[in-house]
Each structure stands twice: as C-alpha cells, then as structure tokens.
Amino acid sequence: MTNKKIIESDCGNVTILAGDDIPNKIFIDDAAKNQIEKLCKDEGDNSFLRIAVMGGGCSGFQYLFGFDNELDDNDIINDWGSGRVVVDNISMQFIKGSTLHFLNDFNGEYFQIENSLAKSQCGCGNSFSMDM
Amino acid sequence: MNIISITVEAWDKIHEKLEAQNSISVLIGVKPSGCNGFRYTFELLPDKPMDDDIYLKDKNHYVIIDKSAKNYLQGSELYWDGLDSFSKRFMFRNPNITSECGCKESFSINSNISSS
C-alpha cells in the first residue's frame, strides 16, 4: 500500500508518495553543523541556512541552499543552539528523513543531502528524481 | 605550451589539499560517467611525476595530466570556485565540451576528439 499524501502549496497541489511514518525533520552531521555555523556567522544578521526543493536540474528536482533571516509560518526549524537550518513544510515532504552532510575531499567542499526518498540522483547529488 | 592552465587560486587550493593529505602530486583524468557522459577524476599520489609524464609544477607540488585525458583537456583552465557559498570545487573551463550537467561535474565532449 502506498500512502499518497496531498499537500496544498502556492503552486497547486503536490502529491507525494512518501509514508506518513517519516517524521518532518532532517538530520545534520557534525561537519555540516560546523560549516553552517561558519557560513552564517560570516553572513551575519542572525542568518540561518534555508534549504528548499524546487523542480529543475537534470533529474527533475533540485535542492536550493540559501541564507535567510526571516521565518514563515510553514517553516520547520532545526535548531542546535549555535546554528539553525530551516526547511519549509512543502520542501520538507521531499527531504524528510534525509541527512545533510558537508563533504571535504580533494575535488570539492560541498553540502550533500543523503535522501532516502530520492529514487536517483545527478552525479553531484544536487538534482534528484522521485517516485510520484 | 601546457595542455592546461591553472589559476593562482586553484594552485593555492591544490597546495593546501596536497599538504593536508601528505601527497606530492595530483593526477587529473577523464572517465566515462554521469548524466552527460564524462567526468573529471582527481587522484592523489605520493610521488613526483616520471620524466615522460605531462605535468605542471608549482612550489613543490605537481599536477599530472593522465595521457588518456590529454586530448579532452587540451586548452582547459582549472579553477577553484563554487556555484555558490555552499559548494566549492575544482572546475574546468574546457573548450572541448559540448554540454555539461548543471553542477558542471559531468559533461559531453566534442565527438571529433578522442582519447588517443
């Protein structure tokens, strides 16, 4: 049985196949927390990291990262005292249960979302597809 | 003339990363993969290049071009930059490619160019 869930958003209804059993939250590894604290401190103005999911990229959806300092009513906040990551409720339905990593290897230093809801993803992991 | 050029900022990052990994050289290659056909590979090596290798040197570090990637990389510039503050990586301005993935990690090569 699939748990179809319909969410109303500004751009129409979004149907998502993910189960209701996954809590509306993401996990953040220590390297990602450190990097978020550093970037947001440089950015100033009580900024936090906002992650959103939009249509686009070579695999159908893509993650957007940005700084923000204003919260909306439908935001879900992940706060660990020295840093915050905010995801709006619609985007959260595409990434809930994910882990946000910050990777630092030879060819790059970048955030990557390990998303168990994604069916496939682009080489760099920034674009992904889902069962709809 | 060198096969590729490397920006000052990219050399700084190469020095930083090779030192952190106790390596002397980085071998750059191209291999089939990704949504656009090819991707760049970076392999850290503990040794200096051989005399017949294709390489660039700055300070005590070397960038070696894999011979099979020579034609694909000819005329490219290696730089260190990001799509935004959240993603920084080595990238190439490569005149031989015909299209690339949004994140520039995967690309297609002009079909007139072969590895040998």
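The values are calculated or read from the model by the stated rules, or taken from the named source; none is laboratory data. Nothing here was measured: the structure is a model prediction, and the numbers come from that model. Here the Cβ positions follow ideal geometry from the backbone for every residue, glycine too, while neighbour counts run over all protein chains shown. The protein model used for the area step is the full one, side chains on, heavy atoms only, and it has no ligands, DNA or RNA in it. Shrake-Rupley method; radii C 1.70, N 1.55, O 1.52, S 1.80 Å.
Observations, loosely collected:
- Average other protein chain Cβ within 10 Å of Cβ, residues B:87-94: 3
- With a Förster radius of 45 Å applied to the beta-carbon distance between residue A:71 and residue A:105, the computed FRET efficiency rounds to 0.85.
- Number of partner chain Cβ atoms within 10 Å, mean per residue of A:104-117: 5
- Applying 1/(1 + (r/R0)^6) with r as the Cβ-Cβ distance of residue A:29 and residue B:50 and R0 = 35 angstrom yields a FRET efficiency of 0.30.
- Between residue B:24 and residue B:88, full extension at 0.36 nm per residue minus the direct alpha carbon distance yields a gain of 20.8 nm.
- Buried accessible surface for the B/A pair, both sides summed and rounded to the nearest 100, is 1500 Å² with a 1.4 Å probe.
- Accessible-area value, residue B:12, 1.4 Å probe, nucleic acids and ligands omitted, Å²: 80
- Between the range B:6-80 and the range A:21-53, the alpha-carbon center distance in angstrom: 32
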